[in-house]
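Worksheet: the structure to be examined is printed underneath.
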Amino acid sequence: MTTHVSKRTMTGRTQTGMSQVLAGKRSGFRSVLLFAGPAVIASIAYMDPGNYATNIQAGAGYGYGLLWVVLMANLIAMLFQALSAKLGIVTGKNLAEMCRDTFPKPIVWVMWVVSEIAAMATDLAEFLGGAIGLALLFNMPLMSGMVVTAIVTYGILLVEGRGFRPMELIIGSLVALIGLCYLVEVFIAPIAWADAARGLAIPIMPDTAALLISVGIIGATVMPHAIYLHSGLTQGRFIIRNDAERRKLVRFSNIEVVLALAVAGLVNMAMVMMAASAFHAGFPEVAEIETAYHMLTPLLGGAAAGAFLVSLIASGVSSSVVGTMAGQMIMQGFVNFRIPVWLRRLITMAPAFIVVAMGVNTTTALVMSQVILSIALPVPMIALVIFTSRSDIMGEFVSGKWIRTLAIIGATIVLTLNFVLLAQTFGMPIPGLSDG
């Protein structure tokens, strides 16, 4: 097993604190916080603008009935993010690097191309989401909102060169802002808590349209770039001296994954509940972010509409930053090549500018980006299950029987539902489903 320290370092005080914890000289909750960061950054992928669109559709169309889908998607995401982090901690390599070192070169090149396309599709949705939020909040043209989003995200990306912590604190603050906005929404919207509890506990699938929205929820939750990124964020934070320290790090990582993605899951549930409360009874056809914003003011008041837009902007900016970081890691991992961050930012945001300049409907663009992600998702999911199940790679940290089984079940669920989405998108008949 190899472990290397990245050029991106932490302060000496943080490093010393981590060493004391790993050596057993320090304990407690504050000690665990020293290791926090990777899961917080990865969690923003679970609160990106793609989630906004699918959660609004779910709540408006089916009330609280699809909350259980949000819960299931979040549990699957927890498992795969935990496995991704463990791979990075145990091997000292990220998932893309493991693919490069393990698979034949032609397969690696195909995986890289597919993953790069997925990274650009991800950034399309995230970048557009932030731009839509700015355009609505400040009543500016969408193109102007995109320019502002580009400047802000590039500015945040420059912070990455100053070390791990500044970036983690910025992203963590934006995650907190999103959570605070939806806490406000839950207090403003008259939530039917008993119905929400039933929606969480009792799985129902009213019709084919509900199934397709459910596929969208899962597709917007389990994301290829987040799986790649998390394995790299655990690299190079400190020198790991032995398996006992690795064991502690994996445990701390699992705690952080559960907490960070629990917050992301609660935010997604709050989105569905807000949409159910505001739209389901009188406006079940609401499906677009812009429509939802314009209708929130008369239904729930200006504070609810404002909180919705602020959270959307925070989501779009932070997830776009994280998407660019993931794109860099994917390129470096698969083909051992890096490009300047300004060039990566330019390449990943170009499709969004092209889409808007061509006059393509932004919602249509968001939907197509999810289709591209659905095609790319099998690559990291299957690779991660393979690597974490191999004792020659993971040693004593190899996934046990139950974890392997759950990972295979989770991957099967996600990949099957993604096939349904692709089949529906391209007009293929799906046996057993009708337009009910």
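The values are calculated or read from the model by the stated rules, or taken from the named source; none is laboratory data. Predicted model, so just to flag it, every value in this text is computed and none were measured. Here the Cβ is made from the backbone with ideal geometry for all residues, glycine too, and neighbour counts use every protein chain on show.
Quick notes
- Residue check for residue 209: more than 18 Å from the chain's Cα centre (by Cα) and buried (at least 17 other Cβ atoms within 10 Å of the Cβ): no
- Screening residue 339 against (1) in a loop (DSSP other than H, G, I, E, B); (2) more than 23 Å from residue 151 (Cβ to Cβ); (3) not small (Gly, Ala, Ser) leaves a single unmet condition, (2).
- Residues being at pLDDT 85 or above, of a type in the set (S, T, N, Q) and surrounded by 24 or more Cβ atoms within 10 Å (Cβ to Cβ) - total across the stretch 111-146: 1
- Picking from residues in the stretch 275-312 that are assigned to a helix (DSSP H, G or I), aliphatic (A, V, I, L, M) and within 21 Å of residue 361 (Cα to Cα), the one that is nearest to the chain's Cα centre (by Cα) is 312.
- So residue 296, is it buried (at least 22 other Cβ atoms within 10 Å of the Cβ) and within 18 Å of residue 221 (Cβ to Cβ): no
- Qualifying residue in the stretch 333-354 (condition: in contact (Cβ under 8 Å) with a residue 60 or more places away in the chain and on the phi > 0 side of the Ramachandran plot): yes
- Verdict on residue 266 being modelled with pLDDT of 80 or more and surrounded by fewer than 23 Cβ atoms within 10 Å (Cβ to Cβ): yes
- Some residue of the stretch 86-104 being more than 21 Å from residue 234 (Cβ to Cβ), among the hydrophobic types (A, V, I, L, M, F, W, C) and surrounded by fewer than 24 Cβ atoms within 10 Å (Cβ to Cβ): yes
- Apart from one condition, residue 154 fits all of (1) over 21 Å from residue 121 (Cα atoms); (2) more than 17 Å from the chain's Cα centre (by Cα); (3) not polar (S, T, N, Q); the exception is (1).
- Residue match in the stretch 244-258 (condition: over 25 Å from residue 317 (Cβ atoms), polar (S, T, N, Q) and in contact with an Asp or Glu (Cβ under 6 Å, 6 or more places away or on another chain)): no
- Residues satisfying the stated conditions in the stretch 66-85, i.e. crowded, with 24+ Cβ neighbours inside 10 Å and of a type outside the set (Val, Ile, Thr): 66, 67, 73, 77, 80, 81, 83, 84, 85
- Residue match in the stretch 279-289 (condition: of a type outside the set (Ser, Thr, Tyr) and touching a Pro at 6+ places or on another chain (Cβ under 8 Å)): yes
- For the stretch 387-416, the set of residues classified as of a type in the set (A, V, I, L, M, F, W, C), part of a helix (DSSP H, G or I) and either on the phi > 0 side of the Ramachandran plot or in contact with a helix residue (DSSP H, G or I) (Cβ under 8 Å, 6 or more places away or on another chain) (or both) consists of 387, 393, 394, 397, 403, 406, 407, 408, 411, 413, 414, 415, listed by residue number.
- Wholly enclosed helices (runs of 4 or more DSSP H) of the stretch 181-274 bearing at least 3 residues closer than 23 Å to residue 324 by Cβ and in contact (Cβ under 8 Å) with a residue 40 or more places away in the chain: 208-221, 224-233
- Boolean, residue 152 is surrounded by fewer than 17 Cβ atoms within 10 Å (Cβ to Cβ), among the hydrophobic types (A, V, I, L, M, F, W, C), assigned to a helix (DSSP H, G or I) and at pLDDT 85 or above: no
- Counted residues, the stretch 119-134 - those being among the hydrophobic types (A, V, I, L, M, F, W, C) and in contact with a His (Cβ under 7 Å, 6 or more places away or on another chain): 1
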